[in-house]
Amino acid sequence: MTYSKITVPTSGERITVREGKLNVPDTPILLWIEGDGIGPDIMTASKRIWDAAVQKAYGGQRKIAWMEIYAGEKAANLYGGDYFPAESLAAIREFTVGIKGPLTTPVGGGFRSLNVALRQDLDLYACIRPVKWYPGVPSPLRHPELVDVVIYRENTEDVYAGVEYKAGTPEATKVEKFLREEMGAKFWPNSGIGIKPISAFGSKRLIRKAFQFALEKGRKSVTFMHKGNIQKFTEGAFMQWGYEVAKQEFGDVTITEQQLWDEFGGKQPAGKLLIKDRIADIMFQQMLLRPTEFDVIAAPNLNGDYLSDAVAAEVGGVGIAPGANIGDALAVFEATHGTAPKYANQDKVNPGSVLLSGVMMLDYIGWREAARAVEAAFTRTIADKIVTYDFARQMEGAREVKTSEFASAVIERL
Ligand code: NAP
């Protein structure tokens, strides 16, 4: 494919996919989107660190060939007002793996969220957010080291499907009339209306991915987070479809909590993954008070969104929480915070979120040595109390540094 504004690096090779498995050359072309606001600061810093880690881990035998693609304000400037150019999507389809900085989304109008568009148009159906504590990171918990969960959030349906009608519009009035007159529904007149579709297909493929991850990594349990006591046919169904996948596809390696007590006296047998479910509201309390009860969590879109940020706050906040959006093979890794416009171009904020998303990306392409090197150097830098403003204000005796200085400190510790 030829691109109008994107330059394909001549030094790299394309990652290919066969039967769902990635084939990664030694000089893979990886995509990057700079992002708006603080995006340029954190991406520049992080790319320096990833490149240095790859160099260190493989002595020059492997190297990332970066290819910039555009979305957000930078795209609008380049493509005559188009915030989400079709060729950026085409590039992700062609080159498979990339990482992005945060993108601006106006609230209550304007264009569709670029992040949501990216996930839906590329069918990146699993939003994966690992949350664990790194020693030295300020936390409101007494035992943040007990938090170690990986959240699998469904990314394409639920109230994010975009089926929503503004109160008083002909569309809302039509839906309201149908619901009231033909379905016997009761609600206040002149309401805004949102539809929450949750499908067996969408739920099962997300939950299947969570199971595969949990089994591959030797995790102990997968918990379905749902509000099925109230929303029976959407969130309740999500949970039921989850148990169906467990029984039908992973029956020999999973047990339910009922089986745990009835057949194993409450002691989890080796080699079996425990499948649990919890109602969404109590999850927030239990995650805070008894974090060790959770390991991998599978959740519908909105629940997963709330929970990921809440759990991230327990171990250092969104400034360092990493994330990935993954489909059957395509993957876009991303900073989970927004563009923090008040800090744009000040070389001030924490690059941790996008940096650790890059660690997930290195793991995804199988470059584990480089991934571990970044993680270890990041941990050592924080243990040495060299931190950006957000941590410095919560740590005694810390040395506050700029984003770029933090990157240099991490590179020195690789
Ligand atoms: P935000 O950009 O995440 O910023 C909220 C606050 O979080 C900041 O003021 C700052 O806190 C802290 N923060 C964020 N990133 C940080 C970092 N790297 N290091 C240290 N602290 C950091 O949220 P927002 O202000 O609600 O949203 C701004 C824009 O971003 C909106 O247009 C929104 O739609 C968009 N957004 C994009 C994404 C995405 O691209 N994935 C996600 C969320 C929001 P303090 O003020 O306490 O220092």
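Normalise the Cα radius of gyration of region 122-168 by 2.2 N^0.38 Å (N = residues in it) and let me know the number.
With N residues counted in region 122-168, Rg over 2.2 N^0.38 Å equals 1.81.
Could you give the dipole magnitude of the chain about its Cα centre, charging the beta-carbon of Lys and Arg +1 and that of Asp and Glu -1, in debye to the nearest 20?
340 debye
Using 24 Å as the Cα-Cα cut-off, could you pick out the over-long pairs in LYS227/LYS276; LYS196/LYS272; LYS74/LYS166; LYS100/LYS402; LYS21/LYS209?
From the list (LYS227/LYS276; LYS196/LYS272; LYS74/LYS166; LYS100/LYS402; LYS21/LYS209), the Cα-Cα distance tops 24 Å for LYS196/LYS272; LYS74/LYS166.
Can you find, among GLN212, ILE69, GLN268, the residue farthest towards the positive end of the dipole of the chain? Put +1 on the C-beta of Lys and Arg, -1 on that of Asp and Glu.
Positive-end residue among those listed: GLN268.
Mind ranking 324-330, 303-309 by how tightly packed they are, going by the mean number of other C-beta atoms within 10 angstrom, highest first?
Output ranking for 324-330, 303-309: 303-309, 324-330.
Distance cut-off 19 Å, Cα to Cα: go down the list LYS63/LYS385; LYS132/LYS217; LYS56/LYS217 and report the pairs above it.
LYS63/LYS385; LYS56/LYS217
Compute, for region 330-414, the length of the dipole vector about the Cα centre, with Cβ point charges of +1 (Lys, Arg) and -1 (Asp, Glu) only. Units Debye, rounded to 20.
120 debye
Above 33 angstrom, tally the Cα pairs of the chain and express them as a % of all pairs, no decimals.
The proportion of pairs with Cα distances above 33 Å equals 37 percent.
Lys/Arg Cβ at +1, Asp/Glu Cβ at -1, dipole of region 328-414 taken about the Cα centre: which of VAL401, GLY358, PHE333 is farthest positive-ward?
VAL401
DSSP beta bridges in the chain, what fraction antiparallel, as a percent rounded to 5?
About 40 percent, rounded to the nearest 5.
Run the dipole for region 48-132 about the Cα centre, Lys and Arg Cβ at +1, Asp and Glu Cβ at -1, nothing else charged, and hand back the magnitude in debye, nearest 20.
Around 520 debye, computed over region 48-132.
To the nearest 0.05, what FRET efficiency results for THR2 and GLU164 with a Förster distance of 35 Å applied to their C-beta separation?
Here the calculated transfer efficiency is 0.40.
Using a 10 Å cut-off around each Cβ, can you sort ARG393, ARG278, ARG372, ARG153 from fewest to most neighbouring Cβ atoms?
With the fewest neighbours first, ARG393, ARG278, ARG372, ARG153 line up as ARG393, ARG372, ARG278, ARG153.
May I ask you to order 283-292, 230-239 by the average number of other C-beta atoms within 10 Å around their residues, highest value first?
Highest-to-lowest ranking by the protection proxy: 230-239, 283-292.
Rank these for me by crowding, VAL97, VAL8, VAL318, going from fewest to most other beta carbons within 10 Å.
Sorted ascending by nearby Cβ count, the order is VAL8, VAL318, VAL97.
Under 5 Å between amide hydrogens, which residues at least 5 positions from ILE255 or on another chain qualify, with H placed 1.01 Å from N in the peptide plane?
Answer set, sorted by chain and number: LEU273, LEU274, ILE275.
In whole angstrom, and with the biggest value first, how far do the Cα coordinates of region 225-314 range along each principal axis?
35, 30, 19
I'd like the distance separating the alpha-carbon centroids of region 136-168 and region 311-358, in whole Å.
13 Å
P(r) for region 1-100: what percent of alpha-carbon pairs falls in each 10 Å bin, starting at zero?
Per 10 Å bin, starting at zero, the Cα-Cα P(r) for region 1-100 comes out as 15, 43, 33, 9, 0 percent.
Throughout, read-outs are computed from the coordinates displayed, never taken from laboratory work. Owing to the predicted nature of the structure, the values given are computational and were not obtained by experimental measurement. So basically every Cβ, Gly included, is an ideal-geometry build from the backbone, and we count neighbours across all protein chains shown.
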